[in-house]
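Beneath this line is the structure, given in structure tokens, with notes to follow.
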Amino acid sequence: MIDPAVHEQVNDAITVVARFANSRHLAAVHSALSGIDLPLSAVALLKQLEAGEALRLSELSRRLQVALPPLSRQVRTLIESGFVTRAEDGSDARASLLAITDDGRDALRRFTAANRALLDKALAGWDDESLAVLASHMQRLVEDLRRGGPDGADVGPASPATGVLPAHRA
């Protein structure tokens, strides 16, 4: 059993990181540095499309662990911005395939460079070993939260807005 004070500290840290990652301030800084106005959710979507072949919305939803309605809205915005294209799926006329455009690749490259500059500045006082340990622990935390613990069933992603698992919301 986790000490209640430690439990509260961990939950507070998760909440603070999630809120900061999704904050208007961070988005504004990324936008100012990159010249691209993209939320982190759009960046994750573009990274998935850049990594390989065109994808159906349902596959993108599965990979990103995002519900279809908000993902569909995000995709529509990226299509309107010229960062993503939608084409008919030759194997199923009811489905479409999403692909990143050259403008989308450029936006992703610029956003990634701005993010690297921000992290380099913010983490300048950290040594590489400490950062590697931090990254490893954060990845383990996310994996454990998704599974509901080291031995639990997969309960899906933690909510970025609250930092808690769906099963634990009040």
I'd like to know if region 63-77 contains one or more residues that are in contact (Cβ under 8 Å) with a residue 60 or more places away in the chain, over 25 Å from VAL29 (Cβ atoms) and of a type outside the set (Phe, Trp, Tyr).
yes
Check off (1) at pLDDT below 95; (2) surrounded by 10 or more Cβ atoms within 10 Å (Cβ to Cβ); (3) over 23 Å from GLU8 (Cα atoms) for TRP126 and give me the number that stays unchecked.
(1)
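When you scan region 86-105, how many residues do you find that are of a type in the set (Val, Ile, Thr) and either within 19 Å of the chain's Cα centre (by Cα) or surrounded by fewer than 12 Cβ atoms within 10 Å (Cβ to Cβ) (or both)? Don't jump to the end; show me each part of the working.
Initially, region 86-105 is screened for residues of a type in the set (Val, Ile, Thr), giving 100-101.
Add one more test, that the residue is either within 19 Å of the chain's Cα centre (by Cα) or surrounded by fewer than 12 Cβ atoms within 10 Å (Cβ to Cβ) (or both), and what stays is 100.
Total meeting the criteria: 1.
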Checked region 43-60 for anything under 22 Å from ASN115 (Cα atoms) and in contact (Cβ under 8 Å) with a residue 24 or more places away in the chain; matches are VAL43, LEU45, LEU46, LYS47, LEU49, GLU50
Which one of these does PHE83 not meet: (1) free of Cβ contacts under 8 Å to residues at least 24 places away in the same chain; (2) aromatic (Phe, Trp, Tyr); (3) surrounded by 14 or more Cβ atoms within 10 Å (Cβ to Cβ)?
(1)
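Look through ALA99, ALA95, ALA135 and report the one residue that is out of contact with any strand residue (DSSP E or B) (no Cβ under 7 Å at 6 or more places or on another chain) and of a type in the set (Gly, Ala, Ser).
On the way: ALA99 fails: out of contact with any strand residue (DSSP E or B) (no Cβ under 7 Å at 6 or more places or on another chain); ALA95 fails: out of contact with any strand residue (DSSP E or B) (no Cβ under 7 Å at 6 or more places or on another chain).
Selected residue: ALA135, the only one of ALA99, ALA95, ALA135 that is out of contact with any strand residue (DSSP E or B) (no Cβ under 7 Å at 6 or more places or on another chain) and of a type in the set (Gly, Ala, Ser).
Which ones in region 7-30 are in contact with a Phe, Trp or Tyr (Cβ under 9 Å, 6 or more places away or on another chain) and either closer than 30 Å to LEU97 by Cα or among the acidic types (Asp, Glu) (or both)? It would help to see each step written out before you state the result.
So the first thing to find is which residues in region 7-30 are in contact with a Phe, Trp or Tyr (Cβ under 9 Å, 6 or more places away or on another chain), and the list is 26, 30.
Scanning region 7-30 gives a single hit, HIS30.
The values are calculated or read from the model by the stated rules, or taken from the named source; none is laboratory data. Quick caveat: nothing in here was measured; it's all calculated off a predicted structure. When we count neighbours, we look across all protein chains shown, and the Cβ atoms used for this are built from the backbone with ideal geometry, even at glycine.
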